[in-house]
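Scroll down for the structure; my scribbles are underneath it.
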Amino acid sequence: MLELVDNVRPVLAMTDTGVALTFENPYPAIGDLLVVVIAHGTDVVPPAGWIGLVTDTAGTRKFDAYAHTAADDDPDEFVFTSASDELQGALLVTSEANPAHVLEASAVANFAGDTTPPTPAATTIEAVHMLIAVWSTAGARAITAPTGYEMVDTYTDDLIAERTFAIAGRRANVVGAAIAQPDAASDPAGTGSALLLVLRDRFPVTPAELVDLVPGNIGLTGRDTRPPREAGTPEEG
Amino acid sequence: MAHVLLLHLDEPEGVLASDALGNLDDLRVEPGIVAPGYVTAWTGRGRSFDGATQALLAPDLSELGTLLTRDVTIQALISLNLDGVAAPMTAIARGVNDGSVSERYAYGLELAPHPTEAGLVLVRWFWSDYAGAIQTAPAGVFRSPGNGKEFMLTATRRWESSDRVVVRYYVNDQRIAELVTAAGDISGGTTGTTTIGARKDTGAWERWFKGTLDELVVADFEMSLEEVRHVWRRLTEYQPGAVETFGALAPVGLNWAELPYMSKLVKVVGQAHGTVVAEAEELRAMWLPPVATLESARAWEAGLKLSTKPRDSLDQRRARLIAYGSRLQGFSIPAVLQAVAPLLAATPDQLEVLEYDNIVTDGFDTFDTETKWLTGDVGAWAAAGGTLDLVHEFTDDIRWSVVGNTCHARIGIDTGETGRFYASAKIAAYDIAEDAEVGIVVENRVTGQRLLFGIRNEMGLLVLGWRKAGGAWNPVGGAFAGPVWLRVHNIVSENGIVPANPTWLEWSTSGPNSGFDTELVSGIAMVQWVGFGANSTAAPLAGDTTASFDDFLAYAPDGLRSFAWYIYRDPALPGIPDVNQAVALIKRMKPGHTFGGFTQAKVLPAGDTRDGLTSRGPLGRW
């Protein structure tokens, strides 16, 4: 079952050719899926070996998401670069994600001067999929995750222009199209964009068949150890 | 922890299926349904349902019945036939939903073909709420192994509150989903009817199961992942292995499996042996807290005298046991938070551990008057540009002899029983009216003793010196200008004749670490407060008096401050914390040499930490 195992906060720094967002390799289990989400204003160049999941330019702030399957020859750092922009992002380590179909859906929403930044609506066909919500706002803001979401990380950078980034996640728990999500909270009011990713669970398990060369197993067992019921015990319901 | 229903479904043809535990009456048909077929299944016999007309039902038989409106586990050995199936299929439903409370669905389990992905199967709980509406839990998904291929399916439901129910699904020994639903109102009555192979809703049979039910058990607890895996291992490893082991005792060349008597004997003896091995292995593998069953966890809790809530989940109990055990490796804040959080109706990240140090510093980027500094009624204190600025206006009356000890900014300091302390600061700038003085102040407010060490305007001339309350000004050093670095302490002692309450006064105009001159004076006993203050021997002030202080440090090497810690819960959080249970658990988990407590306020009135109350110390102000 898809789980968020770890997350890494990047380091943002100026370089000779622009800015670099550097994630230290968390060295997860080989085969775990690393997902990076970046909020930016200009084009981002990912390192080798990362596939693009989504590039969303619809929002005021743009988002890119990438994925990479952890391998034993991965470098110590993953560096994402841009010509010049206040990049922000997070690296998520997931276990039992679907490596062939990582992303089921994504959506973007803008907000301006809002103390309750929206979370874009989610479309998911399986309750076990995971929703990842990201908010990027101008200025230093205290972002609180929406009800039901667990905040993964939130921080403020100020290399070029002060910006706040927040990322939260939850199990979908419901299925359907464009399911409304609760709003986050921003103190003070924030202006920026929000992204929602729906990460797919692993390929559904195929249970092995019960095979016995000599059929006739005892099967399931059980015992009722409940104490006798007293007279007059009220009916439940 | 009990099983309430056990259907082997291995009765010979013509014999009604029965509950091995005696809680359900024999399963039979009624108008509208026909009996499922008798077939060979993995355990020997099972019942085959055609997905259109075949089902069974029975009322409760024993007084204990099969009603479960909270935690439930349904485990079944089943095979599916998905040919032509488009609608959900009911494996079992407790209740026939005829409009009466007693027949509302207390629980039910159904499977359904995935709406868009061929070959995938959804499995999900359903039940009725208090209004009688059917609530369907979110579904787990697995890929069908193929028509007629038998596997083990387990579904668990854990009721946590009226708006949170956790459901888990397993195929064989793998968990395929853990999901949460807010439908926590679960209805059902004690005289309800159980149906197998279909569900009855307002008089109509629907959602017919198509496949074979080999065995089915219902339990009143949430089976853990380890327990599910252990059932699987018993069925697929221990029992078959024991059968083979015993079968190997047959004479060489004899194929016991082909001899009816021998094969039955080998199977019975072998599986019995395998069951014993499985039980022993379960005891061995599942007694430690991280994998304990609910039964074992309760035994651990009783033995360790850990306080718990009755509705604590197995996950919470395990986490608490682990946290309790990990304390033996040293004081682990995350472990304490993990253990205490459920009792405080919070998650660990919603709680904060307040810890303290015997050293307090302040660079005055801000002036924290909520949890750190107290200020007096006279004078204005504010942090600006990295200094703490005091402003007394012309005509203010700041005489200690008149206004008492209110001309100050102070913090509490716990010097312990030795009374040793150290305080230092920089007076960065100053403009002092004639006959006024500013500086570091140390005091004991119980005895009324106070000492100021700083700068005084003596008839227009600025001089360094000190004064005790009620005493004269004592100049030290000579002429000076610019910022002054001051130290007051009684940590260093000197052999020979010393004054009462020996206190070292040190001053430098060179910098914070060099050029200090010293003077040993008779200070005050048991300093309790350090900070900054001002005094005047004339009233009103002859002019504005201002001072800027910086680089404050206070140190109490023998204080108890660093041994105190508190778990803080924001009172604005929803829910009701069980404070008594939490405090009892904290006391059991904390290192013995510390004081640990719980608080919903970061600032409390003062008292004494050593008597077990939170009224004094790090949170305290007089």
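Looking only at segment B:223-277, which residues are within 30 Å of B:Ile176 (Cα to Cα) and either of a type in the set (Val, Ile, Thr) or more than 12 Å from chain A (Cβ to nearest Cβ) (or both)? Let's see the steps before the verdict.
Taking segment B:223-277 first, the residues within 30 Å of B:Ile176 (Cα to Cα) are B:223-242, B:271, B:274-277.
Once the filter is applied, which keeps residues that are within 30 Å of B:Ile176 (Cα to Cα) and either of a type in the set (Val, Ile, Thr) or more than 12 Å from chain A (Cβ to nearest Cβ) (or both), segment B:223-277 yields B:Ser224, B:Glu226, B:Val228, B:Arg229, B:Val231, B:Arg233, B:Thr236, B:Thr275, B:Val276, B:Val277.
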B:Ala572 meets each of (1) touching a Gly at 6+ places or on another chain (Cβ under 9 Å); (2) at pLDDT below 90 with one exception, condition (1)
When you scan segment B:55-74, do you find a residue that is under 20 Å from B:Pro145 (Cβ atoms) and under 40 Å from the mean Cα position of the chain (by Cα), even just one? yes
A:Asp201: acidic (Asp, Glu) and in contact with a Pro (Cβ under 8 Å, 6 or more places away or on another chain), yes or no? no
Subset of segment B:190-222 that is of a type in the set (Gly, Ala, Ser) and surrounded by 22 or more Cβ atoms within 10 Å (Cβ to Cβ) - its residue that is nearest to the other protein chains (Cβ to nearest Cβ): B:Ala219
Return the residues of segment B:345-375 that are charged (D, E, K, R) and not in a strand (DSSP E or B); say none if nothing qualifies. B:Asp349, B:Asp357, B:Asp365, B:Asp368, B:Glu370, B:Lys372
Subset tally (residues that are touching a strand residue (DSSP E or B) at 6+ places or on another chain (Cβ under 9 Å) and buried (at least 17 other Cβ atoms within 10 Å of the Cβ)) for segment B:379-409: 16
Mind listing just one residue for me: the one in segment B:23-51 that is buried (at least 22 other Cβ atoms within 10 Å of the Cβ) and part of a loop (DSSP other than H, G, I, E, B) and, of those, farthest from the other protein chains (Cβ to nearest Cβ)? B:Pro36
Regarding segment B:288-295, can at least one residue be identified that is β-branched (Val, Ile, Thr), at pLDDT below 85, surrounded by 14 or more Cβ atoms within 10 Å (Cβ to Cβ) and in a helix (DSSP H, G or I)? no
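Among the residues of segment A:100-109, is there at least one that is part of a loop (DSSP other than H, G, I, E, B), touching a strand residue (DSSP E or B) at 6+ places or on another chain (Cβ under 6 Å) and under 18 Å from A:Asn7 (Cα atoms)?
Yes - at least one qualifying residue is present in segment A:100-109.
Applying the selection to segment A:40-74, what residues are on the phi < 0 side of the Ramachandran plot, small (Gly, Ala, Ser) and not in a strand (DSSP E or B)?
In the first step, residues of segment A:40-74 are kept if they are on the phi < 0 side of the Ramachandran plot; the result is A:40-48, A:50-74.
Retained after the next criterion (residues that are small (Gly, Ala, Ser)): A:41, A:48, A:52, A:58-59, A:65, A:67, A:70-71.
Answer for segment A:40-74, where residues must be on the phi < 0 side of the Ramachandran plot, small (Gly, Ala, Ser) and not in a strand (DSSP E or B): A:Gly41, A:Ala48, A:Ala58, A:Gly59, A:Ala70, A:Ala71.
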Which numbered condition B:Gly99 fails, given (1) of a type outside the set (D, E, K, R); (2) surrounded by fewer than 22 Cβ atoms within 10 Å (Cβ to Cβ); (3) part of a strand (DSSP E or B); (4) touching a residue at least 60 places away in the same chain (Cβ under 8 Å): (3)
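In the set B:Ala20, B:Ala2, which member is within 14 Å of chain A (Cβ to nearest Cβ), closer than 19 Å to B:Glu215 by Cβ and free of Cβ contacts under 8 Å to residues at least 24 places away in the same chain?
Working: B:Ala2 fails: free of Cβ contacts under 8 Å to residues at least 24 places away in the same chain.
Exactly one of B:Ala20, B:Ala2 is within 14 Å of chain A (Cβ to nearest Cβ), closer than 19 Å to B:Glu215 by Cβ and free of Cβ contacts under 8 Å to residues at least 24 places away in the same chain, namely B:Ala20.
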Which condition from (1) of a type in the set (Lys, Arg); (2) under 24 Å from B:Ala86 (Cα atoms); (3) assigned to a strand (DSSP E or B) is the one that B:Arg175 breaks? (2)
Keeping to segment B:79-108, report how many residues are more than 14 Å from chain A (Cβ to nearest Cβ), within 27 Å of B:Asn23 (Cα to Cα) and among the small types (Gly, Ala, Ser). 2
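The values are calculated or read from the model by the stated rules, or taken from the named source; none is laboratory data. The structure presented is a predicted model; accordingly, all values stated were derived computationally and were not measured. With ideal geometry, Cβ positions are generated from the backbone for all residues, glycine too; neighbour counts draw on all protein chains shown.
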